[in-house]
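**Q** The structure under discussion is supplied below as structure tokens; questions concerning it will follow.
The values are calculated or read from the model by the stated rules, or taken from the named source; none is laboratory data. No experiment lies behind these values; they were computed from the predicted model shown. Please note: Cβ atoms are built from the backbone with ideal geometry, for glycine as well, and neighbour counts cover all protein chains shown.
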Amino acid sequence: MDKPRPCGCKGCRTCLLCEKTFGLIPKKFEFSKENSYVYCPYCNKAWPGWNMDDYKSHPKHDGEPIEYPGVYIHLNFLTINEELKLINGIDDMPWTLSQSGRRKQNLGPKCNFKRNKLNCGNFNGFPQFSKFVQEKFCNIPILKTFHCVEQCSLEYDPSRGASIDPHIDDCWIWGERIVTVNMLSDSMLTMTYNTKVDHYNLQHVKNYRAVLNEKGHENVTEECYQIKQHEINKVYPIIRIPMPNRSLLVLFNSARYDWEHRILREDVTTRRVCLAYREFTPFYLPEGEKWEEGSEILLRAQKFWDYSVGNIM
């Protein structure tokens with residue numbers, strides 16, 4: 001079943017529709033909930049637990065916490081009216097079927113991650129109704145220098161068994177900060193330590209200066225982030241990061257590069273839509289070796305258009 005199916009899945013990816021239609025068996029992820037922790041956005045530590053509501057017991061957590069650098073959560077980043085404006089605008093635009101029961105809307109350059117090839121394609125900026133989100137980023141210190149070059153709408157619907165497999169966002173093209181704005185429902189991001197050090201173009205990380213340190217402050221040195229190697233005999237915990245409705249989540253530093261993230265089917269209980277934002281690596285920024293390619297895309301990324309009339313603003 002390597003070819004795309006009518007539902008959008010292919011290869012080992014499945015959803016409830018193709019599992020029923022073709023008799024496919026979904027992949028099983030085995031977890032030890034005895035070694036799991038839930039990240040608390042109030043104290044910025046991870047405490048023993050598994051469920052979404054565990055962080056809400058703050059400050060009366062149970063057990064001993066662990067440090068988990070590279071996570072920033074801004075609760076109530078959106079107002080209810082802002083969320084409604086975004087959802088109405090997103091749903092007015094056409095959706096494309098994606099794998100594992102998801103639907104998507106990709107706005108950004110065309111990327112070939114295997115060949116490290118990039119071109120503008122038909123990318124010409126972002127919809128006007130979402131402009132205020134990027135404007136709100138300017139008020140978030142950790143995103144002060146963030147220049148968006150991709151905005152992707154993703155829909156997770158429990159009726160299709162939507163999920164996403166463990167992965168690290170590509171490190172050749174997408175920069176250090178992985179930004180997500182969550183809407184319509186709460187969910188969880190499940191983090192497991194990466195064992196595939198030769199995947200995701202991670203080899204490029206050592207070649208560019210880190211934007212932030214592990215505290216989320218601006219890196220004022222010339223140091224690059226050093227990928228931490230997986231230790232075979234070490235037992236790594238599972239970290240569960242809450243994604244409350246209307247919140248902003250930023251992954252950076254170790255959470256960005258050392259850990260794979262996924263969304264489990266069981267954590268999608270009602271329709272969830274998110275906006276995922278990506279920035280360039282320094283290769284495509286001024287003084288980078290690919291600046292000539294990056295400059296045109298960054299210029300296009302400053303444009304906003306009205307989908308209802310097709311005008312560039």
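**Q** Please state which one of D62, D54 is crowded, with 16+ Cβ neighbours inside 10 Å, of a type outside the set (K, R) and either touching a strand residue (DSSP E or B) at 6+ places or on another chain (Cβ under 7 Å) or not assigned by TED's automatic domain parsing to the domain that holds R13 (or both).
**A** That would be D54, the only listed residue that is crowded, with 16+ Cβ neighbours inside 10 Å, of a type outside the set (K, R) and either touching a strand residue (DSSP E or B) at 6+ places or on another chain (Cβ under 7 Å) or not assigned by TED's automatic domain parsing to the domain that holds R13 (or both).
**Q** Could you list all residues from the range 65-80 that are within 24 Å of L143 (Cβ to Cβ) and either surrounded by 14 or more Cβ atoms within 10 Å (Cβ to Cβ) or among the aromatic types (F, W, Y) (or both)?
**A** Going residue by residue through the range 65-80, those that are within 24 Å of L143 (Cβ to Cβ) are 67-80.
If the condition is that a residue be within 24 Å of L143 (Cβ to Cβ) and either surrounded by 14 or more Cβ atoms within 10 Å (Cβ to Cβ) or among the aromatic types (F, W, Y) (or both), then Y68, P69, G70, V71, Y72, I73, H74, F77, L78 are the ones that fit.
Here's the yes/no breakdown for (1) at pLDDT 95 or above; (2) surrounded by fewer than 17 Cβ atoms within 10 Å (Cβ to Cβ); (3) under 18 Å from E67 (Cα atoms); (4) in the same structural domain as R13 (by TED's automatic domain parsing):
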{"position": "W174", "(1), (2), (3), (4)": "yes, no, no, no"}
{"position": "Y200", "(1), (2), (3), (4)": "yes, no, no, no"}
{"position": "V220", "(1), (2), (3), (4)": "no, yes, no, no"}
{"position": "R246", "(1), (2), (3), (4)": "yes, no, no, no"}
{"position": "A255", "(1), (2), (3), (4)": "yes, no, yes, no"}
{"position": "D258", "(1), (2), (3), (4)": "yes, no, yes, no"}
{"position": "V268", "(1), (2), (3), (4)": "yes, no, no, no"}
{"position": "R271", "(1), (2), (3), (4)": "yes, yes, no, no"}
{"position": "L275", "(1), (2), (3), (4)": "yes, no, no, no"}
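**Q** Hey, another quick one. Do you know which of the residues in the range 77-133 that are under 20 Å from the mean Cα position of the chain (by Cα) and among the hydroxyl-bearing types (S, T, Y) is nearest to M183 (Cα to Cα)?
**A** S130
**Q** In this structure, is A162 surrounded by 18 or more Cβ atoms within 10 Å (Cβ to Cβ), assigned by TED's automatic domain parsing to the domain that holds G70, assigned to a loop (DSSP other than H, G, I, E, B) and at pLDDT 95 or above?
**A** yes
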